[in-house]
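Heads up, the thing below is written out as structure tokens.
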Amino acid sequence: MTDLETSDTDRAALSEPSRQSPLAVVFLAWRVVRGISVVNLIVLGAVLTTNQLPVSAFALAPLVVGGLGILGLISWWRYTFVVDGDELVVSRGVVSQNRLVIPLDRVQSVSLEQGLLHRATGLTRVGLDTAGSAEVEFSIDAIPLDQAESLQRLAADYRRRSERSRDATVEQHAVGSDQIGSQEHEETEVLVTRNFGQLVRIAFGHWPWAGLVLLAPLLAAADDIAELIGLDFLNRLEEQVGGSPDTAVPSIPIGLIVAGVVLAIAVGAILSWSLQLVRQVLTDWDLTVTRTGRGLRRVAGLTNRTSVGSSLDRVQVLRTSAIPMQRWLGIARLNMVTVGDTNLVVPGTTQSELERFRELVFEGPGPDLDRRLSPAMVVLAVRNAAVVAVLATVFLVQSPVGWWGALALLAVPIEFVMARWRLRRQRWGLTTNRLGRVSRFVTHRTEEIDPIKAQSVTVRQSFFQRRRDLASVHIRAAEGRFELPMIPLAEATALRDLILYRVESTGRSWM
Amino acid sequence: MSTEFLNPAIDVGDLPQVDQHAFEPLHPNFLRAKMAGAALTAAVVAAITVVVAIFVQSEGGRTTVVVVAGLVALFLVVLSAVLQRVAVRYMGYLVREHDLSYRYGVLSRTTQTIPFSRVQHVSIDRGPVERRLGLATLRLRSAGGVIAIAGLSVDAATSLREVVVARADVEPEDFDEPAAPGGLAPSPPPVSPPPIAPPPIAPSSITPSPITPPPTAPSSIDD
């Protein structure tokens, strides 16, 4: 099927004013509940649970639920959407009718998300992002999947046509001509898939405590839980000691303590990785990243299946990070920072996948990362550490710690070694099409940006830097930023001039 | 479609440099406003010191501490006034054919540059004090942040706005005031950049000098 035929079919699917699926009533009612705000609901819950209310108050509950249902029903009835000419027109509102008109070429991305309820009924939630001078974001709660995909394709077609006509009128020999041409191809290329085995590897590639973060909300109720599962022996011990100081506390052998700590760490790590795996499976189950003529699309999720798309031009900064575990497994986390709320994140990226993404996002080979930051970074780090260490020492020496407090001064040589290590493992480099930076400290991080993505360029000199003819360069993109903290002033200004030259001499849009 | 890809090095020394131009200073009234503000602060500090000293003396306490504290506060106010004087003298803006730069700072110094093609919104703000002193603040908003230039004369701000509007891809409804006639006022002469010496770049990849003007309006899909 040709591009034009696809467009006509999609347009036909949206040409009549449609309502959402009746299931949307549930979501719309939920929105009303959310509109009441969580704080009010908590207050309401507290009032109800104190049993101060007469029983008759509870008779109001069916009324409240019924009211919400009716409100949801009216919202659903009044909520219609239609593609009229080049615009998506959404009418909504319970009391006052609100008509939202969105030019289709302004829609930056259409994301689809299916919760369990959606998947059982073949529906999907649609999120629209129209980044621009006036940012509008809204979502349609539940419409048939094929209709949502029609909207997705139609919006992408409009955007592409708009970009093509703009690029054609701006400059005949734009650097981006290759990219414009490449958008013609409609074949779908699967860039990344993740099966269960790979998700296990990804989950294992996190810090051993990362999964425990999921349990953080439980800390609030830690005491109650400990009591519930009989782990409150520490409290009892404390009470015992506090209550009768003369009672001899049975001494615990040191070997047992060490074994206990090791066991606790091992159990903690296993628990953490298990939780991490559960999270990974829930969010990234059957993860697929494809490249279509319209850009990149990422689909993933077990219970909530999300589909996020972005044209390649919307990618502003490309970042990777790899902790030691991930490097051992030969994977990294890729984050393509895109304009709008949702970045394209690909966990467990292999080197070859990474290179493919780089090829797509940037043109031409990457820079040789052979430039260093100034050694003055070490001086600055040591000076700051020395100030803190001296203050800490003065404070500690006067405390009961006494002269042992002088050990705080050891922080200075330690910081010196660490700062030198950090400096030696940081590099940056540039070509006309790419500016890159790498930091190979404990976590290896890379950051790359095409200079034409710059919205503004800033050269900054602190007092420390002015005395050493150094400066830092800050490049702000529409989303994300790129910084070089300590380079010679001449290099910084030359870099600024080069970036400005690239931005001002290209006909390519930053998005 | 695809030609041989070339990616030779660029000699950055051949590119137009922001630093080779002189920056335009801000309006002298801006410095006066800052100094007036400092003087007001100093007067308030002095008044508070005197009142507290009289109160302490009436209670039979020693006024030395109060006087010393007041003097220190006054010294800080004066120091800040001196620094502000230095800061305002350093502040300035530079308009080139394709971008606007703004520099500021006392101890740490910053030069921010925003290409016109990235500007999405321009506005002129005038608070009550600014209106009295004939000053205005120009704000250029891009997708990556805002540059706000305070202390411009109204004419300079209006002219700068016209320059930006003419060169940027900005929607007309973004403006709160009608366009002032007459184009550029004399105060902010846009420094025309020297033509870019053609850097040794592949001719197919980057536009040779002079730079083609950036888009002036978004083309619609009707084109």
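The values are calculated or read from the model by the stated rules, or taken from the named source; none is laboratory data. Everything numeric here is computed off the predicted structure, so don't read it as measured data. Cβ: placed from backbone, ideal geometry, glycine included. Neighbour counts: every protein chain shown.
Listed values, structure above:
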quantity: Filtered residues of region B:120-134 (kept if in a strand (DSSP E or B) and of a type in the set (D, E)); calculated: B:D125
quantity: Output for region A:189-237, where each listed residue is out of contact with any helix residue (DSSP H, G or I) (no Cβ under 7 Å at 6 or more places or on another chain), at pLDDT 70 or above and charged (D, E, K, R); calculated: A:E189
quantity: Considering residues of region A:124-138 that are at pLDDT 80 or above and under 16 Å from A:G340 (Cα atoms) only, the residue surrounded by the fewest Cβ atoms within 10 Å (Cβ to Cβ); calculated: A:G127
quantity: Test: residue in region A:427-441 that is within 14 Å of another protein chain (Cβ to nearest Cβ), of a type outside the set (V, I, T) and assigned to a helix (DSSP H, G or I); calculated: no
quantity: From A:A385, A:A406, A:A419, residue being out of contact with any Gly (no Cβ under 9 Å at 6 or more places or on another chain) and in contact (Cβ under 8 Å) with a residue 40 or more places away in the chain; calculated: A:A419
quantity: Residues of region B:98-128 satisfying the condition of being touching a strand residue (DSSP E or B) at 6+ places or on another chain (Cβ under 8 Å) and of a type in the set (A, V, I, L, M); calculated: B:L100, B:I114, B:V119, B:V122, B:I124
quantity: Qualifying positions in region B:121-146 - surrounded by fewer than 23 Cβ atoms within 10 Å (Cβ to Cβ) and under 14 Å from B:R161 (Cβ atoms); calculated: B:H121, B:V122, B:S123, B:I124, B:D125, B:R126, B:T137, B:R139, B:R141
quantity: In region A:398-454, the residues that are more than 22 Å from the chain's Cα centre (by Cα) and β-branched (V, I, T); calculated: A:V401, A:V412, A:I414, A:V417, A:T431, A:T432, A:I452
quantity: Answer residue from region A:455-475, given it is within 25 Å of the chain's Cα centre (by Cα) and under 28 Å from A:I323 (Cα atoms) and is surrounded by the fewest Cβ atoms within 10 Å (Cβ to Cβ) among those; calculated: A:H474
quantity: Only one of B:T111, B:T137, B:T158 that is within 14 Å of chain A (Cβ to nearest Cβ), β-branched (V, I, T) and not in a loop (DSSP other than H, G, I, E, B); calculated: B:T111
quantity: Residues that are aliphatic (A, V, I, L, M), within 15 Å of B:H27 (Cβ to Cβ) and in a helix (DSSP H, G or I), drawn from region B:76-94; calculated: B:A87, B:V88
quantity: Residue in region B:11-20 that is more than 30 Å from B:T158 (Cβ to Cβ), part of a loop (DSSP other than H, G, I, E, B) and within 21 Å of the chain's Cα centre (by Cα) present; calculated: no
quantity: Members of region A:102-123 that are among the charged types (D, E, K, R) and either surrounded by 22 or more Cβ atoms within 10 Å (Cβ to Cβ) or closer than 16 Å to A:L151 by Cβ (or both); calculated: A:D105, A:R106, A:E113
quantity: Given (1) at pLDDT below 80; (2) surrounded by fewer than 17 Cβ atoms within 10 Å (Cβ to Cβ), index of the condition A:I270 fails; calculated: (1)
quantity: Residue list for region A:275-293, restricted to those being touching a strand residue (DSSP E or B) at 6+ places or on another chain (Cβ under 7 Å) and basic (K, R); calculated: A:R291
quantity: Filtered residues of region A:278-298 (kept if surrounded by 16 or more Cβ atoms within 10 Å (Cβ to Cβ), touching a Gly at 6+ places or on another chain (Cβ under 8 Å) and assigned to a helix (DSSP H, G or I)); calculated: A:R279, A:T283, A:D284
quantity: Filter result for A:E149 (within 25 Å of the chain's Cα centre (by Cα), at pLDDT 75 or above and more than 9 Å from chain B (Cβ to nearest Cβ)); calculated: yes
